[in-house]
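The values are calculated or read from the model by the stated rules, or taken from the named source; none is laboratory data. Computed from a prediction, not measured in an experiment: that's the story for all the values here. Glycine also receives a Cβ, built like all others from the backbone with ideal geometry; neighbour counts cover every protein chain displayed.
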Amino acid sequence: MINNRLALLSLATCPYLGPKKITHLEKLFPDLGQVLEIGAEKLLKLGLSSAWTDKFISWRQNFSLTNLLEVLQAEKISFLSWHDSSYPKLLKEISSPPPVLFYQGNISLINQRPQLAIVGSRKNTLYAERVLKEFIPELTKSKIIIVSGLALGVDGLAHRQTLSNSGLTIAILGSGLKKSNIYPAAHRQLAQEIIAKQGLLLSEFPPAYPAKKENFPRRNRLISGLSEAVLLIEAAEKSGSLITAQLALEQNREVLAIPGSIFSNSSSGTNKLLRDGAIPILKSADILEVLKIETNLKNKSGQPKKILNYQSIDDTEMIVYKTILEAEKNGDLVSVDEIVKKTKLDTATINSKLSILEIKKVIENHNGYFNLSF
């Protein structure tokens, strides 16, 4: 008999089993693998309906765990079960969390904080582009992980802007993670860029599961459930993004919205949300305030941080140090990519000097962004 973790993985791929039914089966079967072996008669005796039992037995006859594991290995897809210690804590708070999450990329992001969901119209205007170009740089500097749904429009823009500003992003999909199944097809390259740049792809659907209309409300509950707050940028009155906002309210998350023109259909949904009590966002600092993030670098006493007068006989080390010092004077942290642009040094050299400065306790590393230690 297979172990409970693999049994749960198997059952999570059954289209006739949702989180509630799987929870019920876990209570009935301490050895969950039995569900994949016992006959229909025993299932019926446990009070399971005949209609469900017939469908389940039919699915079970065609299911192959070996084939599933081969696909996961070939596509470099991993999974978490809701019993794993690394399963996201915020998702456990929502109604009917998925028993299994499939993922590719940097799984350490899943429990890092803070996380902000950004969603909006699939047919965005230039206004949405301008908002994201204005806001994302400050959000990534503040180490906010951007969560979205990889959809066309605002979702894709949010992911791309985050990556171009050396930020971290999580894309939650309404399809399986098999490369040929990633939806929309136009964003398959973007999905690979997210993985390559230390981001994360996430789905509750098995690898080869196609994108279906009914998948997206399920995906949306994960987008809002994984985040502390949801920001809507352009949404019509019948937008799917409004479903995400409603789910966020049900999950006790903050709902934020960008005001738009009262004459624009693209902003009718967000404006209505604002009328109904969403938090208006006029600048990136408003988001930082909601997430309780300090906008300047201060020590515990509230005094500005001291600028360290560090000296080294290594000229290259001093170039890197002075780049971080200059950012410190402006109240900013600086990434490796930004140091490369400012110094014209190669990445390997910069990483070496950063490691030395960290060992000497001259600088601090905050998930890839650097500032002076004291």
Unique match (being closer than 21 Å to LEU132 by Cα and among the small types (Gly, Ala, Ser)) among GLY176, GLY240: GLY240
Complete set of residues in the stretch 193-223 that are under 18 Å from TRP82 (Cβ atoms) and either of a type in the set (S, T, N, Q) or in contact with a Lys or Arg (Cβ under 6 Å, 6 or more places away or on another chain) (or both): SER203
Residues that are surrounded by fewer than 19 Cβ atoms within 10 Å (Cβ to Cβ) and more than 16 Å from VAL154 (Cα to Cα), drawn from the stretch 265-287: LYS272, ARG275, ASP276, GLY277, ILE279, PRO280, LEU282, LYS283, ALA285, ASP286
Residue within the stretch 233-252 that is surrounded by fewer than 22 Cβ atoms within 10 Å (Cβ to Cβ), assigned by TED's automatic domain parsing to the domain that holds LYS123 and either at positive phi or modelled with pLDDT of 95 or more (or both) present: yes
Any hit, the stretch 62-76, residues being surrounded by 12 or more Cβ atoms within 10 Å (Cβ to Cβ), in contact with a Leu (Cβ under 6 Å, 6 or more places away or on another chain) and not in a strand (DSSP E or B): no
One residue from ALA117, ALA128 being assigned to a strand (DSSP E or B) and of a type in the set (Gly, Ala, Ser): ALA117
Some residue of the stretch 90-98 being in contact with a strand residue (DSSP E or B) (Cβ under 8 Å, 6 or more places away or on another chain) and either crowded, with 24+ Cβ neighbours inside 10 Å or part of a strand (DSSP E or B) (or both): no
Close pairs from the stretch 227-255: first under 19 Å from TYR127 (Cβ atoms), partner of a type in the set (Ser, Thr, Tyr) and part of a loop (DSSP other than H, G, I, E, B), Cβ under 6 Å, at least 6 apart: GLU234/SER121; ALA235/SER121
Residues located in the stretch 211-232, provided they are crowded, with 22+ Cβ neighbours inside 10 Å, over 11 Å from the mean Cα position of the chain (by Cα) and assigned to a helix (DSSP H, G or I): ARG219, ASN220, ARG221
Residues located in the stretch 5-22, provided they are in contact (Cβ under 8 Å) with a residue 60 or more places away in the chain, in a helix (DSSP H, G or I) and not hydrophobic (A, V, I, L, M, F, W, C): ARG5, PRO19, LYS20
Test: residue in the stretch 147-169 that is charged (D, E, K, R) and in a loop (DSSP other than H, G, I, E, B): no
Positions within the stretch 155-210 being closer than 22 Å to ASN124 by Cα, among the polar types (S, T, N, Q) and surrounded by fewer than 18 Cβ atoms within 10 Å (Cβ to Cβ), in sequence order: SER164, GLN189
Some residue of the stretch 210-223 being modelled with pLDDT of 95 or more, under 24 Å from PRO15 (Cα atoms) and of a type in the set (Asp, Glu): no
